[in-house]
Amino acid sequence: MKYVDEFRNPAKAQGVLADITQLAEKLTQDRPGPIKIMEVCGGHTHAIFKFGLEHLLPTSIELVHGPGCPVCIMPKGRLDDAITIAQQPNVIFTTFGDAMRVPGSTLNLLQAKAEGADIRMVYSPLDALAMAKANPDKEVVFFAIGFETTAPSTALTVLQARDQGVMNFSLFSNHVLVVPALEALLDNPDLQLDGFVGPGHVSTVIGTDPYRVITAHYGKPVVVSGFEPLDILQSVWMVLRQLAEGRCEVENQYTRLVNDQGNAVAMGAMAEVFEVRPTFEWRGLGDIPASGLRMRPALAAWDAEEKFTLPGRQVADHRACACGEILKGVKKPWDCKVFGTACTPESPLGACMVSSEGACAAYYKYGRLATERRQVSRV
């Protein structure tokens with residue numbers, strides 16, 4: 001297929017759905033509960049709701065929404081650290097827009113900006129580097145967030161700053177790694193999964209090989225997927241086919257962009273700039289070993305964590321917010337008492353409602369009426 005509309009063809013979707021239904025009926029004959037498949041990426045969650053896929057699938061299949069939203073997994077303590085940097089004199093703090101309203105313990109970045117901090121939204125780390133060149137009397141800090149998808153562009157920007165001698169640019173690194181997070185989920189006894197729809201964007205960088213630990217050690221099929229409706233439906237079918245055939249493998253549905261080994265140039269830049277942290281805190285998942293990236297000592301001159309003294313505190317989430325359980329896949333957004341009432345995209349209590357990739361934001365934007373009906377049916 002060459003064009004987007006081909007990946008949204010209703011007739012082809014009905015054909016795949018028929019095959020999914022047949023496999024699901026076979027697999028659930030002798031089991032009490034539904035087949036649980038986690039889509040790791042927040043982009044998949046939004047596509048599932050935007051195109052109504054969850055309601056097209058048979059009820060014997062439950063899609064579980066994973067921690068694949070980099071803004072959502074940011075703990076409050078790291079937001080507080082970011083705000084501390086932004087409030088320093090002579091600092092221009094730059095960030096992607098979807099991080100502006102993520103709650104810290106007392107403020108978010110947008111509120112800190114309203115109180116006088118020089119916080120500016122950018123579209124890429126290169127924008128922040130250009131800002132540093134244009135403001136040599138200021139210290140320009142880039143709030144680096146994201147999985148392996150965005151880490152290469154950050155790394156290449158740091159290397160460019162080094163090569164050009166731009167010393168007033170630095171990075172506050174909060175990049176995270178996807179596979180350790182999946183391992184942490186599978187080690188959680190509260191969550192029982194049958195397989196994964198693997199993240200497409202991350203996999204364009206790292207390839208499919210790193211997921212083999214999931215199939216080898218945990219015995220869970222992984223199918224790396226694209227983001228169009230037929231991509232996701234085919235990936236669900238591929239997971240079910242593995243289960244029906246008694247296989248457990250890493251398969252690649254997203255062959256038009258993903259290969260087994262990944263992007264060598266991108267991974268090389270990451271390896272030159274970053275090293276793996278011993279541990280990193282994830283909202284809802286706690287400290288996960290070897291799951292975050294920090295700057296290498298050789299690049300300390302461009303490391304904001306070396307330039308500034310940070311609080312470095314761990315801060316609990318809002319008591320009423322179920323964001324942590326939602327990120328772990330233990331709860332759905334409608335299980336949260338404040339979803340759609342006290343917590344909305346305009347006034348979020350948790351990060352899952354803030355980001356464009358957050359599960360709560362997806363439910364609110366595309367699935368709110370359906371979830372309201374489900375809530376009524378429970379009464």
Sole exception among (1) in contact (Cβ under 8 Å) with a residue 40 or more places away in the chain; (2) in contact with a Pro (Cβ under 6 Å, 6 or more places away or on another chain); (3) not aromatic (Phe, Trp, Tyr) for ALA151, by number
(2)
Of VAL140, VAL158, the only residue that is touching a Pro at 6+ places or on another chain (Cβ under 9 Å) and either assigned to a loop (DSSP other than H, G, I, E, B) or over 26 Å from VAL40 (Cβ atoms) (or both) is VAL158
Out of ILE20, ILE85, sole residue that is at pLDDT 95 or above, farther than 27 Å from TYR211 by Cα and of a type outside the set (Ser, Thr, Tyr):
ILE85
ARG78: passes all of (1) crowded, with 16+ Cβ neighbours inside 10 Å; (2) under 22 Å from PHE227 (Cα atoms); (3) at pLDDT 90 or above; (4) within 22 Å of the chain's Cα centre (by Cα) but (2)
Considering PRO103, PRO58, PRO70, which residue is touching a Ser or Thr at 6+ places or on another chain (Cβ under 8 Å), part of a loop (DSSP other than H, G, I, E, B) and buried (at least 18 other Cβ atoms within 10 Å of the Cβ)?
PRO70
Unique residue being modelled with pLDDT of 95 or more and over 27 Å from ILE35 (Cβ atoms) when the list is ALA244, ALA216, ALA269
ALA269
Is the stretch 284-299 home to any residue that is buried (at least 18 other Cβ atoms within 10 Å of the Cβ), under 21 Å from the mean Cα position of the chain (by Cα) and hydroxyl-bearing (Ser, Thr, Tyr)?
yes
Being under 19 Å from the mean Cα position of the chain (by Cα), at pLDDT below 80 and of a type in the set (A, V, I, L, M) is the filter; apply it to the stretch 350-375 and report the residue that is farthest from ASP317 (Cα to Cα).
VAL354
Need the failing condition index for GLY324 against (1) small (Gly, Ala, Ser); (2) free of Cβ contacts under 8 Å to residues at least 40 places away in the same chain; (3) outside any loop (DSSP other than H, G, I, E, B), just the number.
(2)
Which condition does THR309 not pass, out of (1) surrounded by fewer than 20 Cβ atoms within 10 Å (Cβ to Cβ); (2) more than 30 Å from GLY165 (Cα to Cα); (3) modelled with pLDDT of 85 or more, if it passes all the others?
(2)
For the structure I just gave you, tell me whether ALA130 is of a type outside the set (Asp, Glu), within 26 Å of ARG283 (Cα to Cα) and part of a helix (DSSP H, G or I).
no
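Which of the following residues is free of Cβ contacts under 8 Å to residues at least 60 places away in the same chain and under 25 Å from LEU285 (Cβ atoms): ILE83, ILE73?
After ruling out the rest, the residue left standing is ILE83.
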Test set (1) outside the structural domain of ALA47 (by TED's automatic domain parsing); (2) touching a Phe, Trp or Tyr at 6+ places or on another chain (Cβ under 6 Å) - VAL273 fails condition number
(2)
Residues in the stretch 333-343: is at least one on the phi > 0 side of the Ramachandran plot, touching an Asp or Glu at 6+ places or on another chain (Cβ under 9 Å) and buried (at least 16 other Cβ atoms within 10 Å of the Cβ)?
yes
Given the structure, is PRO189 touching a residue at least 24 places away in the same chain (Cβ under 8 Å) and of a type outside the set (Gly, Ala, Ser)?
no
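The values are calculated or read from the model by the stated rules, or taken from the named source; none is laboratory data. Only a predicted model underlies this, so the values are computations on that prediction, with no experimental measurement involved. Note that each Cβ is placed from the backbone with ideal geometry, even for glycine, and that neighbours are counted across all protein chains shown.
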